[in-house]
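Inspection log for the structure reproduced underneath, given as structure tokens.
Read the figures in this text as sums done on the coordinates, not as results from a lab. Just so it is clear, the structure is predicted and the values come from calculations on it, not from any experiment. Ideal geometry is used to build each Cβ from the backbone, glycine not excepted, and the neighbour counts take in all protein chains shown.
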Amino acid sequence: MQNPTLSGDSLEVLPKQIHGCLDQNYCELMFSNFSELTEVIFNVHSEESVLSSQYTDDVYAESLPLCALMCLLQKKCCVASFYDKTYMCRLDKSENCCAATIIAVGSRALKRNKYYPTACTECVIFGMSSYKIIEVTATWSEAMNNCTCLGGILAEIETEAESNFITNELFTRNTGATGYWLGGYNFNSDSDLEWISQPNERMPYPNFAPGEPNQPTSEKCLMAITNYNFEWVDALCQMTVAYICEF
Ligand SMILES: [Ca+2]
Ligand SMILES: [Ca+2]
Ligand SMILES: [Ca+2]
């Protein structure tokens with residue numbers, strides 16, 4: 001992959017700017033050979049294009065690696081695509097590593113291999129976990145899939161301390177979101193919800209709002225709801241709300 005516009009010198013300043021460098025060694029590895037950028041950081045999918053949406057921007061890029069670089073420089077780009085003929089680089093900026101793609105002849109899609117939570121400027125840390133609070137609304141399944149794509153899980157809150165931390169964080173942010181999906185689901189279609197990673201265990205710290213869960217056979221998905229001080233409710237999984245990933 002030729003890239004006539006970048007000299008070796010200009011590459012040296014890039015790692016400091018790039019969101020996504022795990023550490024200096026990783027960055028050097030990343031950019032020791034610029035043409036490897038697309039393969040090291042991204043999976044390249046031929047004949048595929050990112051579906052245009054309110055979260056995509058179409059910009060000009062001189063090459064596939066430059067498009068990849070533009071995606072890396074955008075803190076919230078996980079998926080991009082590049083049309084060889086028009087040099088159009090489409091950047092998805094919703095931080096959705098599962099952003100929809102379509103078959104498109106002459107286009108290549110770039111999907112980040114891995115997301116590094118340590119490089120996440122908007123993550124908050126508590127104990128051994130870091131959390132990413134994502135305000136782009138999604139259904140419960142979309143939220144779960146996107147957390148997985150980012151290398152984490154839909155957040156599972158196991159202790160009072162963890163719950164207090166998250167609740168305080170949501171109060172502080174005060175974004176007006178209806179609620180936040182958490183990684184709880186009614187496995188076995190009975191009367192209670194479980195954490196995805198412990199589908200056969202009772203929740204160790206169930207922080208439900210009074211009277212909830214009230215419809216666990218139809219409202220199978222767990223939400224921390226703003227109106228009830230971020231206590232939890234069972235809710236219809238098709239609702240679209242914000243969500244929290246845990247890493
Ligand atoms: Ca947890
Ligand atoms: Ca259950
Ligand atoms: Ca309910």
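Tabulated values for the structure
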quantity	calculated
Point-charge dipole on Cβ atoms (K/R +1, D/E -1) for the stretch 149-247, about Cα centre, debye to 20	320 debye
Förster-model FRET efficiency, 25 Å R0, Gln238 and His45, C-beta, rounded to 0.05	0.30
Coil-residue trypsin sites (Lys or Arg not before Pro) of the stretch 147-247, DSSP, other Cβ within 10 Å capped at 11	Arg202
Unsatisfied cross-links (Cα-Cα over 20 Å) in the set Lys93/Lys220; Lys132/Lys220; Lys75/Lys111	Lys93/Lys220; Lys132/Lys220
The stretch 132-168 residues near the modelled Asp192 label - backbone nitrogen below 17 Å, point 7 Å along Cα→Cβ	157-160
